[in-house]
Each structure stands twice: as structure tokens, then as C-alpha cells.
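Have a look at the structure below, then the notes.
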Amino acid sequence: DGIMPQTQEAIDHARAAGVTIIVAINKIDKPQANIDKVKKQLAAANLNPEDWGGKTITVGVSAKTGEGIDQLLEMIILEAQMLELKANPDRNAKGNVIESGIEPGGPMATVLVRKGTLRLGDVIMCGQHYGKARALINEEGKRLKEATPSVAVKVLGLNGVPDAGQEFSVVDD
């Protein structure tokens, strides 16, 4: 479909944050998929693809068939190694809310841990909401005792529903 308004918004946010951008061009399994059209639009947005002589990594993927996902993960790992990205797991956790809502157990927030380790029983502050992590559940529905950097978990125990994108922090009390 090409660069959509939400894609342009994501590009703008990434640029404002000063982070490296890797582009996953999705829906390559569709017969009308035109990767070159998307790369042309990326170049127009000052994201010149590597295979066109630029610096932006682009990978064609299909969320439906799984095609290209392994290559995308390899590119992310390679870029992280090149930039020497590391997170300290030995500190209080910080991260962001990916999604949130109400579940039978109460307010729920799926969070992505950026730094530190989130542990069962930790006190969490997230905007105006707070609570104690009563449950940490991974994407397979398995209960965890802790979530290290780059792990996404569903957290139960907050006193309300935080907004997606909001930052959370573990505090001592």
C-alpha cells in the first residue's frame, strides 16, 4: 500500500528520538505487492534503502506467511551489534506500555521492558496509575517470575488502565 500516515508518524517519532530506523515492508505475499514503489516512497522521505546506495535497512516480510521474518530478526541483531546496544538487567525496570485494557482480573497493561528487570511483586508507577505486579504473563500465556530487557509481558495489579506508549518505572515503594 506504500507509506501510510501512521508510517510517516512513526518515522517522525523515530527521527525525533534519534534512533536507527529499520523498515519491514509488509504484505509481500500479495500479488499486487510493489516493493520498489515503497522503497521509492522511503527515499522520498529521506530513508534511502541500503540496496539503493543508502543507509536504511529494508526487509520484505509477510506477517501472514512468515516470509522474511528470520531475515528481519537477523538485521535487527546485526544493527544492535554494530551499535553495541546493551541494557543493564541489574537495575529497576523501565519501559513502555504497548497496550492496555480491562481483563477479568482487573486493569492490565502489556509492557515492553527497556532497562532493568521487572519482577513479580515490584511496585510500578505508570503515569497516574500505580500498583504491585501481581502477575507477569508472556505472549504464550505462561506466568513468569521476571521479565528482562526486551521482553514484553502482560502486567496485572495496576489501579487503572494506562495509555499505550506511556512509560512505566519500578520504584522502591
Run Ala152 past the list (1) touching a Leu at 6+ places or on another chain (Cβ under 8 Å); (2) hydrophobic (A, V, I, L, M, F, W, C); (3) more than 30 Å from Ala33 (Cβ to Cβ) and report the number of the one that doesn't hold.
(3)
Being closer than 23 Å to Ala80 by Cβ and either open to solvent by 40 Å² or more (accessible area, probe 1.4 Å) or assigned to a strand (DSSP E or B) (or both), is that true of even one residue in region 130-143?
yes
Hey, can you tell me all the residues within region 120-129 that are buried (at least 19 other Cβ atoms within 10 Å of the Cβ) and within 15 Å of Arg91 (Cα to Cα)?
Asp122, Ile124
Selection over region 1-38 where residues are touching a Leu at 6+ places or on another chain (Cβ under 9 Å) and either within 24 Å of Ala80 (Cβ to Cβ) or without any contact (Cβ under 8 Å) to a residue 40 or more places away in the chain (or both) yields a count of 7
Qualifying positions in region 144-160 - farther than 22 Å from Asn88 by Cβ and surrounded by fewer than 16 Cβ atoms within 10 Å (Cβ to Cβ)
Asn159, Gly160
Scope region 161-171; condition part of a strand (DSSP E or B) and open to solvent by less than 60 Å² (accessible area, probe 1.4 Å); matching residues:
Phe168, Ser169, Val170, Val171
So how many residues does region 89-121 have that are among the hydroxyl-bearing types (Ser, Thr, Tyr) and over 19 Å from Asp172 (Cβ atoms)?
2
Options Ile69, Ile102: the member that is under 30 Å from Arg143 (Cα atoms) and without any contact (Cβ under 8 Å) to a residue 12 or more places away in the chain
Ile69
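The values are calculated or read from the model by the stated rules, or taken from the named source; none is laboratory data. All figures in this text were calculated on a predicted structure; none of them were measured in a lab. All Cβ positions, even for glycine, are placed from backbone atoms using ideal geometry, and neighbour counts span all protein chains on display. Heads up: the accessible areas ignore ligands, DNA and RNA and are worked out on the full protein's heavy atoms, side chains in. Shrake-Rupley method; radii C 1.70, N 1.55, O 1.52, S 1.80 Å.
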